[in-house]
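Comments concern the structure below.
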Amino acid sequence: MQSLKLVLALSLLATLAVSPARAQSALGASGDEGEPFRRQEWRVPTSDAGIAARALLFRPPGDGPFRLALIAHASTQNVLRRAQMPQPEYRALAAFLVARGFAVLVPERLGHGATGGGYIEDQGGCDEADYARSGRATAEEIARALKFLQTQDFVRKDGAVVLGHSAGGWGALALADAGPKTVAAIIAFAPGRGGHANDFLNQICAPHTLIAVAGEFGRAARVPVTWLVAANDTYFAPAFSRQLADAFRSSGGTVDFRALPAMGSEGHWMIETEAGVKAAGAELERALKSPKPVVAKKP
């Protein structure tokens with residue numbers, strides 16, 4: 001009986017000791033600005049009312065308002081790797097964007113690293129992967145963080161750009177239905193899900209399903225997409241990535257597909273490195289230019 005009381009007491013203490021940083025009431029800046037580029041920890045909303053996602057914010061000097069760039073990180077189906085994931089930073093990419101006048105938010109999504117919580121982006125089993133559901137779940141988390149930052153005085157309400165990497169890029173494709181008033185442009189680095197199936201290079205879980213869902217996302221898309229992939233990407237090789245982009249385009253989406261030179265030992269991670277950002281620089285410059293207004297598709 002005493003043991004039961006002790007367990008209950010410890011459980012109560014754990015509940016009361018939940019960090020305020022994990023509560024949605026503690027949204028916004030959670031630390032001082034630092035270097036580089038006014039680096040600052042923030043908390044942004046998630047679909048879990050009890051958990052605020054950890055995020056990093058970078059911005060140029062001055063008060064703004066600045067165009068917003070949101071970087072959506074990669075993911076993994078491996079529970080342990082996901083729990084141990086360090087805070088995503090994409091420092092070289094953030095530096096590139098800040099130098100061009102953007103405020104840059106890099107949020108850590110639910111189920112990853114220190115943010116914790118349930119992994120709502122789970123695609124399920126390899127043979128019967130639900131890529132549509134996982135992509136839309138990622139898109140929802142991106143949209144919540146985006147909307148919150150656009151309420152800040154230093155952020156412009158228009159001209160936002162979403163840059164997604166791997167699973168984050170897949171979520172960005174699902175977000176392409178948001179419309180130009182919410183997102184002006186999407187830049188996707190090797191977007192997809194199910195790569196390295198069973199840890200084998202160039203193996204993808206249910207590849208035909210992934211292609212079909214790319215077409216599904218394309219049918220609803222209203223935001224132009226720049227699709228970038230390195231020549232030595234072994235998660236979603238250029239030939240397969242082109243199939244995904246073609247499916248997105250043939251269903252009505254606007255895509256500019258570009259294969260980039262090989263980078264390092266694994267091109268899938270190029271955008272996390274300074275050399276990779278430099279190699280993609282010309283394509284990034286072109287994609288970041290203020291886009292022309294996009295006419296919304298008729299329902």
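The values are calculated or read from the model by the stated rules, or taken from the named source; none is laboratory data. Bear in mind the structure is a predicted one, so any value in this text is a computation, not a measurement. Every residue, glycine as well, gets a Cβ built from its backbone with ideal geometry; the counts of neighbours run over all protein chains shown. Each accessible area value is taken on the protein alone, full model and side chains, heavy atoms only, with ligands, DNA and RNA left out. Shrake-Rupley method; radii C 1.70, N 1.55, O 1.52, S 1.80 Å.
Go through 156, 67 and list them by solvent-accessible area, largest first, probe radius 1.4 Å.
Details: 156 75, 67 25 Å².
Descending accessible area places them as 156, 67.
Under a point spin-label approximation (7 Å from Cα along Cα-to-Cβ), what is the residue 92-residue 30 distance to one decimal in nm?
2.8 nm
Computed over the Cα atoms of region 148-240, what is the convex hull's projected area averaged over all directions, in nm²?
Details: hull surface 26.5 nm².
Its Cα hull, projected and averaged over all orientations, spans 6.6 nm².
Compute the distance from the alpha-carbon center of region 75-114 to that of region 157-205, in whole Å.
Comparing the Cα centres of region 75-114 and region 157-205, I get a distance of 14 Å.
Determine the distance separating the Cα centre of region 209-279 from the Cα centre of region 29-61; give it in Å without decimals.
One Cα centre to the other: 28 Å.
How do 157, 181 rank by accessible surface area computed with a 1.4 Å probe, from largest to smallest? Write down the numbers at each step before the final one.
Numbers: 157 115, 181 180 Å².
Result of the area sort, largest leading: 181, 157.
Show me, bin by bin at 10 Å from 0, the whole-percent P(r) of region 102-177 based on Cα pairs.
In whole percents, the pair-distance histogram is 18, 48, 27, 6, 1.
Please compute the contact order of the chain in relative form: average sequence separation of alpha-carbon pairs under 8 Å and at least six residues apart, divided by the residue count, as a percent.
14 percent
For 43, 219, 286, write out the residues from largest to smallest accessible area, computed with a 1.4 angstrom probe and no ligands counted.
Details: 43 15, 219 140, 286 85 Å².
Most to least solvent-accessible, the answer reads 219, 286, 43.
Mind listing the long-range amide H neighbours of residue 53? Cut-off is under 5 Å, sequence gap 5 or more, other chains count too, H placed in the peptide plane at 1.01 Å from N.
Correct list: 44, 46.
For the chain, what is the convex hull (Cα atoms) projected area averaged across all directions, in square nanometres?
Average projection, Cα convex hull of the chain: 17.2 nm².
Test of understanding: what is the full-extension gain from residue 219 to residue 251, defined as 0.36 nm times their sequence separation minus their Cα-Cα distance? Numbers along the way, then the final one.
Numbers: separation 32, 0.36 × 32 = 11.52 nm, distance 0.48 nm.
Here the answer is 11.0 nm.
Per residue of region 222-239, in order, report the coupling 6.51 cos²θ - 1.76 cosθ + 1.60 (Karplus, θ = phi - 60°) as ³J(HN,Hα) in whole Hz, putting x for Gly and Pro.
Listing the rounded values in order: 10, 10, x, 10, 9, 10, 10, 8, 7, 4, 10, 7, 9, 8, 9, 4, x, 4 Hz.
For region 69-80, what does the Karplus curve 6.51 cos²θ - 1.76 cosθ + 1.60, with θ = phi - 60°, yield as ³J(HN,Hα) per residue in whole Hz, taken in order and with x for Gly and Pro?
Working through the residues one at a time gives 10, 10, 9, 9, 6, 6, 9, 7, 7, 6, 4, 5 Hz.
If you put +1 on each Lys and Arg Cβ and -1 on each Asp and Glu Cβ, how big is the dipole of the chain around its Cα centre, in Debye rounded to 20?
Working: 32 positive and 28 negative charges, 175 e Å.
It works out to roughly 840 debye.
Using the Karplus equation 6.51 cos²θ - 1.76 cosθ + 1.60 (θ = phi - 60°), what ³J(HN,Hα) coupling, rounded to whole Hz, does each residue of region 276-286 give in order, writing x for Gly and Pro?
Those phi angles translate into x, 5, 4, 5, 8, x, 5, 5, 5, 4, 5 Hz.
In region 144-299, if every C-alpha pair distance is counted and binned at 5 Å from zero, what percent goes to each bin?
Each 5 Å bin holds this share of Cα pairs: 2, 10, 19, 22, 19, 15, 9, 4, 1, 0.
Could you work out the helix-only [θ] at 222 nm for the chain, with each DSSP H run of four or more residues adding -39,500 (n - 2.57) and the total divided by the number of residues, to the nearest 500 deg cm²/dmol? Spell out each step's value before the answer.
Values: 9 runs with 96 residues, N = 299.
It comes out at -9500 deg cm²/dmol, rounded to the nearest 500.
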